[in-house]
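See structure below.
Nothing in this text is a laboratory measurement; each read-out follows from the coordinates by a stated rule. Since we're looking at a predicted model, the values are computed, not measured. Every residue, glycine as well, gets a Cβ built from its backbone with ideal geometry; the counts of neighbours run over all protein chains shown.
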Amino acid sequence: MKKWKKLTLAIVIIGILLPGIALAGGDKATELVVVADTRVLNDPGYYTAFMKYMANAYNTDILVFAIWCTVVTALYGAFLGFLMDFLLARTGLDLTSRKILEH
Amino acid sequence: MEWLTMYMPIAGIHIFWPGLVLIGFSVGTIGGFFGMGGAWMVTPGLNILGFPMAFAIGTDMAHIAGKSMISTFRHSKFGNVDYKLGLIMVLGTMLGIEVGAQLVMYLEKLGSVESVVRYAYVVLLALIATLVFYDYYKATQNKKAGDVGEHGAEGITWYKTLQKLNLPPMIHFKTSGFTCSLWLPMGISFLTGILAGFLGIGGGLIRMPALVYLIGCPTHVAVGTDLFEVMISGLYGAFTYSLKGRIEIIAVLVMLTGAAIGAQIGTIATKYAKGYGIRIAFGIAVLCCMLSIILKQFGYKDMAAVLILGTIGIICLYIIKIMAVGAFEELRDKKAANA
């Protein structure tokens, strides 16, 4: 039980403090009112459904947009990581071990 | 040539997309090799492509999260990520950043915070660069004198004294290969966090040398562990900046495509580089970052951007060379062994 309490406490602290670490990555963000112009996204041959969906979400529900941005970034990052791993495994290089030599 | 530009639906502009791929590739290569996010490199690049500043920081943050994920994945396979150490340091860093941010708010009340922060940043970068080059000089002297340890000659070994701190609980970090008090990584990440929060940066530039010189991580493990930390903070950053409408997600995805290749090159290059090779290149990057800040301070913004982009190009070529030569030699040796 004690472990769970400690874990819960750690999660709460992380939740409270995490914005600091993220905001420290750049200038402080202020409120910004920008509207994505979805009128130009009506050409299906050139603009993808994904672009249109994200632009609409940006205009109508910023929380949905934020969740999608985070999820898509993480998923695409993971996908590219696995894809590159798959491709590099075929080069014949040993990608699982290395020597640590400082000088 | 219309196909070379891409419409960014949120920012409402057309961008030269090969430029985005190139930025992603370069920062992926350098970040994978040094173990940092590299926000200081991306922003001038995005600016030159005509990206509005309002979107540059958030877009940069999301791209860094995805890129660090790819690099961490690869470093993890090499055994370069000390997850236990990384998680402890995330906690210390977050607490420190809060304190640093509060310090800035306090200074804001007193006025002239911007110039104080900028000068402090320059001094800190100068100290880090001096430390890195002095360490290299000392290691070279030790090597000449025949003072060579398990992993080769070392210069500055402050971590040996700090690791002796006998304050329970003592923790063994298997991947890094040492045992120390929990309070050592916690305290150091707290201090580097204060600096990062005070300076308004992600902190990779400070954390990487701190991991090496003060905690005692082998350089390769310091790189992987720092990237793991950047990945966690970057993902949260992506969320919070999206909530403020400051992300152009299409640009993030395009940059990530370039970063996927760059991150592999940078990460695999660490396999063929000696720890001091990484440290020296890192020192040069820190020095150029410092010079660009000085140039900006005196109003030479274009020159600062040129300096940053020039540095990125040269360091990228250096890393690609290390990776290509190392991979070629490994494949040649394998072929010879099989023949």
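Observations on the structure shown:
- Distant alpha-carbon pairs in the stretch B:2-338 (separation over 34 angstrom), percent: 23
- Springs between Cα atoms under 10 Å define the GNM used for chain B, and in it the highest mean-square fluctuation of B:Gly92, B:Gly12, B:Gly266 occurs at B:Gly12.
- Coordinate range along principal axes, alpha carbons of the stretch B:156-308, Å, largest first: 49, 35, 34
- Computed from the Cβ-Cβ distance with R0 of 35 Å, the FRET efficiency linking B:Ile48 to A:Ala89 stands at 0.45.
- Under 5 Å from the amide H of B:Ile171 lie the amide H atoms of B:Cys180, B:Ser181, B:Leu182, each residue being 5 or more positions distant or on a separate chain, with H modelled from the backbone and absent for Pro and chain starts.
- Average other protein chain Cβ within 10 Å of Cβ, residues B:247-253: 6
- Entries of A:Lys52/B:Lys296; B:Lys143/B:Lys174; B:Lys164/B:Lys274; B:Lys174/B:Lys321; B:Lys67/B:Lys301; B:Lys143/B:Lys321 with Cα pairs more than 29 Å apart: A:Lys52/B:Lys296; B:Lys174/B:Lys321
- Cα centroid of the stretch A:54-92 to Cα centroid of the stretch B:206-267, whole Å: 15
- When each of B:Ser26, B:Ser233, B:Ser181, B:Ser68 is scored by the number of other beta-carbon atoms lying within 10 Å, the sequence from fewest to most is B:Ser181, B:Ser26, B:Ser233, B:Ser68.
- Mean residue ellipticity (222 nm) of chain B, computed from DSSP H runs ≥ 4 via -39,500 (n - 2.57), nearest 500: -26000 deg cm²/dmol
- Along the stretch B:289-303 the Karplus relation, 6.51 cos²θ - 1.76 cosθ + 1.60 evaluated at θ = phi - 60°, assigns HN-Hα couplings of 4, 5, 4, 5, 5, 4, 4, 4, 4, 9, x, 8, 5, 5, 5 Hz to successive residues, with x for each Gly and Pro.
- Hits among aspartates and glutamates - C-alpha to C-alpha of B:Lys84 under 17 Å, sequence gap 8 or more where chains match: B:Asp226, B:Glu229
- Longest segment of chain B lacking trypsin sites (Lys or Arg not before Pro) that sit in a DSSP loop with at most 13 other Cβ atoms within 10 Å: B:175-339
- Measuring nothing but how far apart in sequence close Cα pairs (under 8 Å, 6+ apart) lie, relative to its length, chain B scores a relative contact order of 35 percent.
- The stretch B:137-194 and the stretch B:1-28 have Cα centres separated by 43 Å.
- With at most 14 other Cβ atoms within 10 Å, longest stretch of chain B clear of loop chymotrypsin sites (Phe, Trp or Tyr not before Pro) (DSSP): B:1-297
- The stretch B:52-179: relative contact order as a whole-number percent, Cα under 8 Å and 6+ apart: 23
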